[in-house]
1. Tell me the residue from Pro164, Pro174 that is at pLDDT below 95 and in contact with a Lys or Arg (Cβ under 6 Å, 6 or more places away or on another chain), please.
2. Please verify whether Asn122 is of a type in the set (S, T, N, Q) and either at pLDDT 95 or above or loosely packed, with under 12 Cβ neighbours inside 10 Å (or both), treating the condition exactly as stated.
3. All but one of (1) at pLDDT 85 or above; (2) within 22 Å of Glu58 (Cβ to Cβ); (3) surrounded by 13 or more Cβ atoms within 10 Å (Cβ to Cβ) hold for Leu155; which doesn't?
4. Out of (1) surrounded by 21 or more Cβ atoms within 10 Å (Cβ to Cβ); (2) out of contact with any Leu (no Cβ under 8 Å at 6 or more places or on another chain), what's the single condition that is false for Phe113?
5. Among the strands (runs of 3 or more DSSP E) confined wholly to the stretch 63-153, which include 3 or more residues that are under 10 Å from the mean Cα position of the chain (by Cα) and not hydroxyl-bearing (Ser, Thr, Tyr)?
6. Between residues in the stretch 72-83 that are closer than 17 Å to Pro127 by Cβ and residues that are of a type in the set (Phe, Trp, Tyr), which pairs lie under 8 Å by C-beta distance while being six or more apart or on different chains?
7. Out of (1) at pLDDT 75 or above; (2) surrounded by 10 or more Cβ atoms within 10 Å (Cβ to Cβ); (3) over 19 Å from Leu182 (Cα atoms); (4) of a type outside the set (Lys, Arg), what's the single condition that is false for Asp76?
Amino acid sequence: MYNGAQDSKLKMKTFAKIVAGLLACLALGLVVFRFTGFSPTGDTPGPGNYPGLWLSGEVVTTPVTDWSFATQYKTDKVQTRTWYGIPHSVTTSHILHNGQLYLTSLFRAGVPFPQGKSWVNNVMRDPHVRLKLGDKLYDCVLSHVADPEERAAVLATRTQPNSPAASSDTPNGPVLHLFRVLPEEGFRSSTGVRSAAAGSN
């Protein structure tokens, strides 16, 4: 005789097994990506560029004091820390000014800062990032530039090669936000902030 209760229990058990299997596959995939890397897709910020997870490459442990070598790269990739523990990485543009490197993020008119972009929102919550230039990785801290004079000086160099297209900071217009790249060690010593190990990015 047909037993509806038993049939329902059997379906629930089957569903639970399927969910468990999917979760196990997801966990295995994340473990693999943790060691092999899963970089953002696309080399130009904007449409067609999809975010990734962990970045792969050779970690440079010596703090960088002069980023002039970065001019050979049109873009960079930056890995940020999310609140849920899985990294979020994207492709960004940068500007070089007096040997210092600044990452850029263009916010269109009406897009709220920093919530409008996941990676920017992550940086404003936790500034520790992993930056990739070429096949090298650099553990750094990003500092949002709010000083008008520093902004003006950096933006004045946008005509140099590899600099992002100009954007006006006029009211209700697009705004190009700048993030200065600082060495992680220097940031900790000057602010007293204790960061997690480099490998936890």
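1. Criteria check complete, one pass: Pro174.
2. Considered against the rule, which asks whether it is of a type in the set (S, T, N, Q) and either at pLDDT 95 or above or loosely packed, with under 12 Cβ neighbours inside 10 Å (or both), Asn122 comes out as yes.
3. Among (1) at pLDDT 85 or above; (2) within 22 Å of Glu58 (Cβ to Cβ); (3) surrounded by 13 or more Cβ atoms within 10 Å (Cβ to Cβ), the lone unmet condition for Leu155 is (2).
4. The single condition Phe113 does not satisfy is (1).
5. Values: elements: 76-80, 88-97, 100-107, 128-133, 136-144.
Counting at least 3 such residues, we get 76-80, 128-133.
6. Between residues of the stretch 72-83 that are closer than 17 Å to Pro127 by Cβ and residues that are of a type in the set (Phe, Trp, Tyr), the close pairs are Val78/Trp119; Gln79/Trp54; Thr80/Trp119.
7. (3)
The values are calculated or read from the model by the stated rules, or taken from the named source; none is laboratory data. Being a predicted model, the structure only gives us computed values, none of them experimental. Counting neighbours? That spans all protein chains shown, and the Cβs are built from the backbone with ideal geometry, glycine included.
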